[in-house]
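Trainee: Following this message is one structure expressed as structure tokens.
What follows is calculated from the coordinates using simple rules that are stated; it is not laboratory data. Since the model is a prediction, treat every value here as computed from it, not as a measurement. Cβ coordinates were reconstructed from backbone atoms using ideal geometry, including for glycine residues, and neighbour counts include every protein chain displayed.
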Amino acid sequence: MKKIKLTIAGLIIIGFAMPAVAQNGSLKLDLNYNYSIPLSGFKNDLVSNGSPRGFMGGLFYSFNNHLSGGLSFGFQDYYQKYPRTIYNLSKTQQISAVLTNSIQVTPVLLKAKYFPNANSFLKPYVSLGAGANIIDNKQYFGEFGNSQTNVGFRAQAGVGLMVPFKKSGTSGLNVGASYDYAPYKKYGYKDLNNVNIQAGVVLELR
Amino acid sequence: MKRILMMLIGLTAFPIIFMSCTKDVVKNLTTDESRIYITDHDSTVNFGNFKTYSISDSVAIIQNGKSSHESSDVGLAYINAVKKYMDQAGYQMVSREDNPDLGIDVNHIINTSTGVISYGDYWDDYGGYWDPYYWGYPDYGYYIPYAYSVYQVKEGAVSIDILDLKNASEDHKINVIWTGLIRGEGVFNSSVADSQVKALFDQSSYLKN
């Protein structure tokens, strides 16, 4: 738990320190609805259903017209219920149960966005981020569950498009997609990799 | 000021809205889906070597480490269901006085004052719930040859235990060779007793003569 708190505190300090170091430019708030689709080990071992319950946000400082960086954070709730099956708990012990996996993920990332066509009305961008992935993994046999909380690494690569509300405006609508690499070497699992589709707003704060 | 307020609202309201949308696992289960059936057995035992069985005529109600025996409609429904599926598995029911190869106990474990008891605790005092005298072996103790996992029992469970009486004299103990545990919503109900016991037998294909 101490490790989790230290990781979050460190990321928050770095994220808020970046604008102060840069000294000028605009500060923007991103708020996006997020749809997430599990991939690879996540899809095969835990949850194959897409999750419509999530958001991705962030505070970004514009260093110049092309580059902004800051702290990105989010939340996603994954859920899947599997039909009743008999599982072997040991060589001699079997359990018949409806298995439910319920996983809540809270990424806290340092993230940079690059806008190659900063002077055009529509502003496409690519993004890169890395940081902590706080994972709450609950597994239920019937109504009886176990919960495990861990902090892992998470890296993100994304593309998106910002559509300003008005010409030369810095606030606007945002659509984007990202691939998230999230190793999860616990309890025989491999990863929580996923792709995400976001839509929301970008609001200039100053 | 207005923008800072907007930021604060966004930073707090948005996460709260989405985090509150987390899908509740238990609320998304039907009564049937809430139930689990756990079986364990002694892998060194050949269940085909037993021919006859006898079953207790009442159910042990186990609460806070103490037990009483009750002959309720629900208990009777469970006892009858066990008889039905033992018969279907090829075993013949006899009275306790006819030296059955197997003895069967049915137990209802219910909530405790502390809210939690473990199945491990349940085993610790098994002789207190079912006096070995009941099965004709007053000086013997019970023994479980396999490692039974510990489960937290919060709101009630039904367990069924099969005892090896055929080899009790030779072993000087009564081995518990099969256990079945039913947990979940509404399991202690006579209308579901048959289906609950069937589930235990269905996942114990080795339990046949």
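Trainee: Can you compute the charge dipole magnitude of chain A about its Cα centre, using +1 on each Lys and Arg Cβ and -1 on each Asp and Glu Cβ, nothing else charged? Give it in debye, rounded to the nearest 20.
Mentor: 160 debye
Trainee: Can you find, among A:Ile197, B:Gly184, B:Tyr85, the residue sitting farthest towards the positive end of the charge dipole of the protein assembly as shown, where Lys and Arg contribute +1 and Asp and Glu -1 at Cβ?
Mentor: About the Cα centre, the residue reaching furthest to the positive side is A:Ile197.
Trainee: Given Cβ point charges of +1 (Lys, Arg) and -1 (Asp, Glu) and nothing else, what value in debye, to the nearest 20, does the dipole of the protein assembly as shown about its Cα centre take? Intermediate results must be reported in sequence, preceding the final value.
Mentor: Details: 36 positive and 34 negative charges, 708 e Å.
For this selection, approximately 3400 debye.
Trainee: Test of understanding: ordering B:Lys83, A:Lys28, A:Lys91 by Cβ neighbours within 10 Å, fewest first, what list do you get?
Mentor: Numbers: B:Lys83 16, A:Lys28 25, A:Lys91 9.
In order of increasing Cβ crowding within 10 Å: A:Lys91, B:Lys83, A:Lys28.
Trainee: With unit charges on the beta carbons (Lys and Arg positive, Asp and Glu negative) and the dipole taken about the Cα centre of region A:113-197, which residue among A:Leu173, A:Phe153, A:Ala132 sits farthest to the positive side?
Mentor: Of the candidates, A:Leu173 comes out farthest on the positive side.
Trainee: Now for a separate question. Most exposed first by the Cβ proxy, i.e. fewest other Cβ within 10 Å, how do A:Ile86, B:Ile110, B:Ile79 rank?
Mentor: Fewest-to-most ranking of A:Ile86, B:Ile110, B:Ile79: A:Ile86, B:Ile110, B:Ile79.
Trainee: What list of ³J(HN,Hα) values in whole Hz, one per residue of region A:93-103 in order, does the Karplus curve 6.51 cos²θ - 1.76 cosθ + 1.60 (θ = phi - 60°) give from phi, with Gly and Pro shown as x?
Mentor: Here the 3J(HN,Hα) series is 10, 10, 10, 9, 7, 8, 9, 10, 9, 10, 10 Hz.
Trainee: For the protein assembly as shown, what does the helix formula give at 222 nm: sum of -39500 (n - 2.57) over DSSP H segments with n ≥ 4, over the residue count, nearest 500 deg cm²/dmol?
Mentor: Helix-only estimate at 222 nm: -6000 deg cm²/dmol.
Trainee: Show me, for region A:158-174, the HN-Hα J-couplings you get by feeding each phi into the Karplus relation (A = 6.51, B = -1.76, C = 1.60, θ = phi - 60°), rounded to Hz, glycine and proline as x.
Mentor: Per-residue couplings from phi come out as x, 10, x, 9, 9, 10, x, 5, 8, 4, 6, x, 10, 9, x, 8, 10 Hz.
Trainee: How many nm is it between the label spots at B:Ser191 and A:Asn64, if each spot is 7 Å from the Cα in line with the beta carbon?
Mentor: 7.5 nm
Trainee: Quote the relative contact order of chain A in percent (integer), defining contacts as alpha-carbon pairs under 8 Å separated by 6+ residues.
Mentor: 21 percent
Trainee: Convert each backbone phi in region B:75-91 into a coupling constant with the Karplus relation 6.51 cos²θ - 1.76 cosθ + 1.60 (shift: θ = phi - 60°), then list the ³J(HN,Hα) values in order as whole Hz, x for Gly and Pro.
Mentor: x, 5, 4, 5, 4, 5, 5, 5, 4, 4, 7, 5, 4, 5, 7, x, 9
Trainee: Further question on the same structure: Pick out, from A:Leu31, B:Asn49, A:Met162, the residue whose Cα sits farthest towards the positive end of the charge dipole of the protein assembly as shown, with +1 on the Cβ of Lys and Arg and -1 on the Cβ of Asp and Glu.
Mentor: The residue sitting most towards the positive pole is A:Met162.
Trainee: To continue, here is another question. Cα-Cα over 22 Å: which of A:Lys138/B:Lys66; A:Lys28/B:Lys23; A:Lys81/A:Lys138; A:Lys111/B:Lys23; A:Lys113/A:Lys138?
Mentor: Pairs exceeding 22 Å: A:Lys138/B:Lys66; A:Lys28/B:Lys23; A:Lys111/B:Lys23; A:Lys113/A:Lys138.
Trainee: Would you mind calculating the relative contact order of region A:60-103 from Cα pairs under 8 angstrom and at least 6 residues apart, reporting the percent as a whole number?
Mentor: 32 percent
Trainee: For B:Asp32, which sequence-distant residues (separation of 5 or more, or a different chain) have an amide H within less than 5 Å of its own amide H, given hydrogens modelled in the peptide plane?
Mentor: Here the answer is none, since no amide H 5 or more places off falls under 5 Å of that of B:Asp32.
Trainee: Let me ask something else about it. Extension gain B:Lys27-B:Asp125, at 0.36 nm per residue separation less the Cα-Cα distance, in nm?
Mentor: This chain segment gains 31.8 nm when fully extended.
Trainee: How do B:Met19, B:Met86 line up, fewest other C-beta atoms within 10 Å first?
Mentor: Placing the least packed residue first, the sequence is B:Met19, B:Met86.
Trainee: Compute the angle between helix A:2-22 and the longest alpha-carbon principal axis of chain A, please, reported from 0 to 90 degrees and rounded to the nearest 10.
Mentor: Orientation of helix A:2-22: about 10 degrees from the principal axis.
Trainee: I've got another one for you. Using 7 Å Cα-to-Cβ label points, what is the A:Gln148/B:Asn49 separation (nm, one decimal)?
Mentor: 3.9 nm
Trainee: Let me ask something else about it. Over the protein assembly as shown, what is the percentage of antiparallel beta bridges among all DSSP beta bridges, to the nearest 5?
Mentor: Taking every DSSP beta bridge within the protein assembly as shown, about 90 percent pair in antiparallel fashion.
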